[in-house]
Amino acid sequence: MGIRKMLIVLDCDRTIWNHHDATILKPPFTRISTEEIVDSRGERIRLNNGILRFLRYLKIKGHKIAIASWNEPSNVLRLIDMFNLRDYFDMIVVEPHPDKALMLRKILNELNMKSSNVVFIDDNPEMHRRVKKEFPDVLNMIYGEDIRDFNDALRKLVRLLGKPLRAYVALPIVHAESLEFNKRYVSMVERCGVDVVSKWVAGEIGEEKVYTPSDVFKRDISALEKSDILIADVSKPSHGVGMEIMYAYMRGKKIIATYKRGSRISSMIRGMPNITLIAYDALDELEEKLWKNIYKAFSR
């Protein structure tokens, strides 16, 4: 039996982001990083841990996502746009009253979903009480109590929502400097809503010494076989990465190859059928491109 399609309804204040009341914030807002915004008085609004990974995971799996927020709409909608979150949501309801049950009814009617297929995540126990009274079959999760953050939410909901895609990340392991890049690259791929099955590429430089070459080969091929997609950076030449790409191609895996703009890329890779090539200047820029290509490859 397949995974049933669910509707995940999220609160904003102290749920999607850490601030307790978006209505009291004073525009204009300034985005100081991909996950943090400051208002005109210096109040900081930061996305809560794991939210991007969680939203992207839900989109890849084909679930519906909505917002039900007790706020004046203007600040909330502005923050959603400045955090580049709007496209993740199938419906956004922001109203200046605490009747989350009423908001949920609007969402259910608009998206043609049943309450038995709803997961409601909010930090306020009173909101859960109101929703449960109206919709007793909704699955309620109190943010900060039932779940610590959205990585915890994914772990606890994985049986209901489905396992994340498995990505084999192929990167050269040459010297200590490359490991810092590899760690950032693996973290970026995970934020795209997938599980990385080859985390050793971001491990300690001495880690490979505990394996024989035969062990390394068997480990890598086994992980490749279990993966849904191979994501490789080909900015620098690597025999190992090239072999992994060819193996994935021969096994019919989806392949995304990234490279720093200006790098010399093998004609063999550039000419490979059905490979997706993504150029970038910096990893922060690459993340959004990578996520969109993963979603395009697997969206249903």
Counting only C-alpha contacts under 8 Å and six or more residues apart, can you give the relative contact order of the chain as a whole percent? 16 percent
Whole-angstrom gap from region 246-272 to region 177-202, using each part's C-alpha centre: 18 Å
Distance from region 1-30 to region 48-105 (C-alpha centre basis), Å: 5 Å
For the chain, built as a Gaussian network whose Cα springs stay under 10 Å, the top-fluctuating residue of ILE121, ILE173, ILE51: ILE173
What are the ³J(HN,Hα) values, in whole Hz, obtained from phi via the Karplus relation 6.51 cos²θ - 1.76 cosθ + 1.60 with θ = phi - 60°, for each residue of region 222-231 in sequence order, with x given for Gly and Pro? 4, 5, 4, 4, 8, 8, 9, 8, 10, 10
Run a plain Debye calculation on the chain (Cα atoms as equal point scatterers, no solvent) and give log10 I(q)/I(0) at q = 0.08, 0.13, 0.14, 0.15 Å⁻¹, rounded to two decimals, same order as the q list. -0.41, -0.95, -1.05, -1.15
What are the extents of the Cα atoms of region 227-266 along their three principal axes, listed from largest to smallest and rounded to whole Å? 29, 17, 13
Ignoring everything except DSSP H segments at least 4 long, calculate the 222 nm mean residue ellipticity for the chain; use -39,500 (n - 2.57) per segment, divide by total residues, nearest 500. -12000 deg cm²/dmol
Everything considered on the Cα gyration tensor (a ≥ b ≥ c; rounded for a/c under 1.5, else prolate if a/b is larger than b/c, else oblate), region 181-300 must be described as rounded
Most fluctuating residue given options ILE80, ILE32, ILE147, as computed from a GNM of the chain linking Cα atoms under 10 Å: ILE32
Most exposed first by the Cβ proxy, i.e. fewest other Cβ within 10 Å, how do ARG31, ARG264 rank? ARG264, ARG31
Under 17 Å Cα-Cα from LYS59, which lysines qualify once same-chain neighbours fewer than 8 residues away are excluded? LYS5, LYS163, LYS289, LYS292, LYS296
How far, in degrees from 0 to 90, does helix 239-250 lean away from the longest principal axis of the Cα atoms of the chain, to the nearest 10? 70 degrees
With each pseudo-label sitting 7 Å past Cα toward Cβ, what's the GLU126-ASN49 distance in nm, one decimal? 2.8 nm
Would you please give the residues with an amide H less than 5 Å from that of ILE147, counting only those at least 5 places away or on a separate chain, with H modeled from the backbone geometry? ILE142
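Quick one: in region 7-161, what % of C-alpha pairs are over 19 Å apart?
Details: 6001 of 11935 pairs.
Here the long-distance tail beyond 19 Å is 50 percent of all Cα pairs in region 7-161.
Only the coordinates and a few stated rules stand behind these numbers; no lab work does. This structure is a prediction, so every number in the text was calculated from the model and none was measured. Using ideal geometry, Cβ is built from the backbone for each residue, glycine included, and neighbour counts are taken over all protein chains shown.
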